[in-house]
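See structure below.
The values are calculated or read from the model by the stated rules, or taken from the named source; none is laboratory data. Everything numeric here is computed off the predicted structure, so don't read it as measured data. Backbone-built Cβ (ideal geometry, glycine too); neighbour counts: all protein chains shown. To get the accessible areas, we keep the full protein, side chains included, count just its heavy atoms, and leave off ligands, DNA and RNA. Shrake-Rupley method; radii C 1.70, N 1.55, O 1.52, S 1.80 Å.
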Amino acid sequence: MSLDPDDAKPDAVASNGKLIEICKSTNRLIAIMDDGRGAWTLQQYSPDRWAVRAKLPANGDTLVAMDCADGDITLVTNRRLLEVQGGTVHALRLKQELQPPLVNGTALAAKDAVWVGFNIGEWGGGLRRIDRSDGQVATIERNQSGELCGGPLNTSCDPVNGVALSPWKPSCVVAAVGLVHMMAHGRIVEVCGKEVRRLYFKPLDPQPPRGTLDDGEPSSTVAFFGLAHGDHALWAIGIDGLYRFTGPQSPEFRPLPKFQNKGGYWVSFDVPGIALVMTGVNQRASMSGAVPIMAVR
C-alpha cells in the first residue's frame with residue numbers, strides 16, 4: 001500500500017510475488033518476494049513497477065530480518081547470512097542456527113557484524129551479533145541484578161524492536177527494548193564491545209501496587225518499538241511519544257501527535273521528516289493492543 005500525506009486513502013501497489021520483507025535504501029524501496037515455488041527474488045521498485053535485482057537461494061530457510069539502509073542489502077535467515085552487492089549474492093552459513101520462535105526480527109549491518117533484534121513478546125527475544133567473517137553467532141545480554149527479568153538486556157524478558165549505530169559512538173550500537181503485555185516495560189540500551197549499559201528509561205504510571213525496582217527502574221516503564229537516524233540524531237518511538245537523542249544525555253521528548261484514519265490506516269505526518277503508523281501487528285506476540293511504529297522519510 002502507498003499513502004502520501006495529502007491522500008485520503010492508500011493505493012494498492014501490485015507485486016509479482018508474495019512480498020515477505022521490505023525496506024528503504026537511499027530513496028529506493030527494496031523487497032524480498034516469494035514466487036510461490038520456494039524461490040526468492042530481490043526486487044527494486046520504480047514509479048510503476050518492480051524490477052528483479054537478484055535471485056536468492058532460499059534453500060528452505062526462514063527469512064528472519066533484512067537491512068538495506070546503506071545501499072548494500074543484508075538478509076538474515078535462520079541458517080545463513082546473505083549479502084547482496086549489485087547483482088552478486090554472497091552466502092555465509094551461520095555457526096549456530098537461529099532457533100524458533102522467530103516472530104519479529106530487525107537487523108542492522110555494521111562494518112564487522114550484523115546485529116539482529118528479536119521480539120517474541122512475553123518470552124523476550126533479545127539481541128544477537130553475527131560475525132560477518134565467519135558466521136559466529138553471539139547472544140548479547142547482561143543481567144546486572146540477577147533477578148528473573150533483571151536488565152539492562154535480558155534475552156528471556158526483553159523484546160528488541162530496533163537496533164541502530166550510535167551517532168555519538170560510531171563503534172557502538174543502540175537497541176530499543178519494548179513490551180506491552182497488560183503492563184509495559186522498556187528502555188534504550190547501548191552496546192560497546194562486550195559492555196552493555198542502560199542509556200535511558202522512563203517510568204510509566206500507574207505503577208502496580210507491589211511493583212519492584214530493578215537498578216532504579218520501576219515495574220512499569222515506557223516501551224519502545226523502533227529506532228531510526230534522522231536530523232543528525234537518533235529517534236526512538238515509545239508508546240507515549242517520540243524521543244530525540246543527540247547524545248547519551250536525556251532525550252528531547254514530544255508526545256504522540258493526533259492520528260488520522262485514512263482508509264482504515266491510522267497515520268500521522270505531523271512530525272517533519274517522520275511518518276507514524278499505529279499497528280496491531282505486535283498483538284501476535286503479546287497483549288499490546290495498537291502500538292506506534294515510525295519511518296524516517
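When you scan the range 165-172, do you find a residue that is touching a strand residue (DSSP E or B) at 6+ places or on another chain (Cβ under 6 Å) and open to solvent by less than 50 Å² (accessible area, probe 1.4 Å), even just one?
For the range 165-172, residues touching a strand residue (DSSP E or B) at 6+ places or on another chain (Cβ under 6 Å) and open to solvent by less than 50 Å² (accessible area, probe 1.4 Å): present.
For V196, only one of the following conditions fails: (1) under 27 Å from A110 (Cβ atoms); (2) loosely packed, with under 15 Cβ neighbours inside 10 Å; (3) among the hydrophobic types (A, V, I, L, M, F, W, C). What is its number?
Answer for V196: the failing condition is (2).
On the given criteria, is V103 touching a strand residue (DSSP E or B) at 6+ places or on another chain (Cβ under 8 Å), of a type in the set (V, I, T), open to solvent by less than 10 Å² (accessible area, probe 1.4 Å) and in contact (Cβ under 8 Å) with a residue 40 or more places away in the chain? I'd like the intermediate steps shown before the answer.
Values: touching a strand residue (DSSP E or B) at 6+ places or on another chain (Cβ under 8 Å): yes; of a type in the set (V, I, T): yes; open to solvent by less than 10 Å² (accessible area, probe 1.4 Å): no; in contact (Cβ under 8 Å) with a residue 40 or more places away in the chain: yes.
Taking the combined requirement at face value, the residue does not satisfy it.
Looking at G87, G60, G117, which one is open to solvent by 20 Å² or more (accessible area, probe 1.4 Å), at negative phi and among the small types (G, A, S)?
On the way: G60 fails: at negative phi; G117 fails: open to solvent by 20 Å² or more (accessible area, probe 1.4 Å).
Result: G87 is the single residue among G87, G60, G117 that is open to solvent by 20 Å² or more (accessible area, probe 1.4 Å), at negative phi and among the small types (G, A, S).
Looking at the range 182-217 only, could you name the residues that are acidic (D, E), in a strand (DSSP E or B) and at pLDDT below 90? Lay out the reasoning, then the answer.
Initial filter on the range 182-217 (acidic (D, E)): 190, 195, 205, 214-215, 217.
Those still in the list that are in a strand (DSSP E or B) too: 190, 195, 214, 217.
Listed by number, the list holds a single entry, D214.
Kindly state which strands (runs of 3 or more DSSP E) lie completely within the range 218-297 and contain at least 1 residues that are open to solvent by 20 Å² or more (accessible area, probe 1.4 Å), hydrophobic (A, V, I, L, M, F, W, C) and at pLDDT 90 or above. Even if it seems obvious, please write down each step before you answer.
Values: elements: 224-230, 233-238, 241-245, 252-255, 260-262, 265-268, 274-279, 291-296.
Qualifying strands (runs of 3 or more DSSP E): 224-230, 233-238, 252-255, 265-268, 274-279, 291-296.
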